[in-house]
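Let me begin by presenting the structure, written as structure tokens, before commenting on it.
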Amino acid sequence: QTAGDTTVAVEERSSRTARFGRGNEIRMPFSKFLSPTQTQTEQQQQELWYLTTQDVTTDSNGRPQTLSKLMACLRDDFPLRPKLLGGLIPSNVNLWMGGGGGPTSQTSTSPTSTGSSS
């Protein structure tokens, strides 16, 4: 309820087998993105959605804000500077989420060294 009226950018894929990351964005209230589904058709529709990076505003000098409107609404629900970051200061805080049974990301692997041979 805290951020339910906030309009968010949601990526929508064309089918359950399509991948996210194609830039097909729609806008909706955060509450609609999170709403419990009532019918199987609505559930299938939600499986096509992914909450993507939210736009941030800039100040009068053109510097981006740290929090999008969504994250500003949720500000009391997370630490802005988690202990994990040590002395680092985040330049941007975002939230990504999606659901469903289709593919949502690609996995990349990089070769690792197994040691040197003599």
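Derivation of every value follows stated rules applied to the coordinates shown; laboratory data play no part. All values reported here derive from a predicted model rather than from experimental measurement.
Fully extending the segment from residue 85 to residue 66 would add 5.3 nm, taking 0.36 nm per residue of separation and subtracting the current Cα-Cα distance.
Put simply, the amide H of residue 8, placed in the peptide plane, has neighbours under 5 Å in 28, 30, leaving out anything fewer than 5 places away on its chain. Taking amide H as placed 1.01 Å from N in the peptide plane, residue 98 has its amide H under 5 Å from the amide H of 51, each at least 5 places away in sequence or on another chain. Annotation: amide H-H contacts under 5 Å for residue 24 (H modelled 1.01 Å from N, sequence separation of 5 or more, or interchain): 12. Multiplying the residue separation of residue 59 and residue 24 by 0.36 nm and subtracting their alpha-carbon distance yields 9.8 nm. Phi-derived couplings, Karplus 6.51 cos²θ - 1.76 cosθ + 1.60 at θ = phi - 60°, listed residue by residue for the range 59-72: 7, 5, 9, x, 7, x, 6, 6, 10, 6, 4, 4, 5, 5 Hz, with x used for Gly and Pro.
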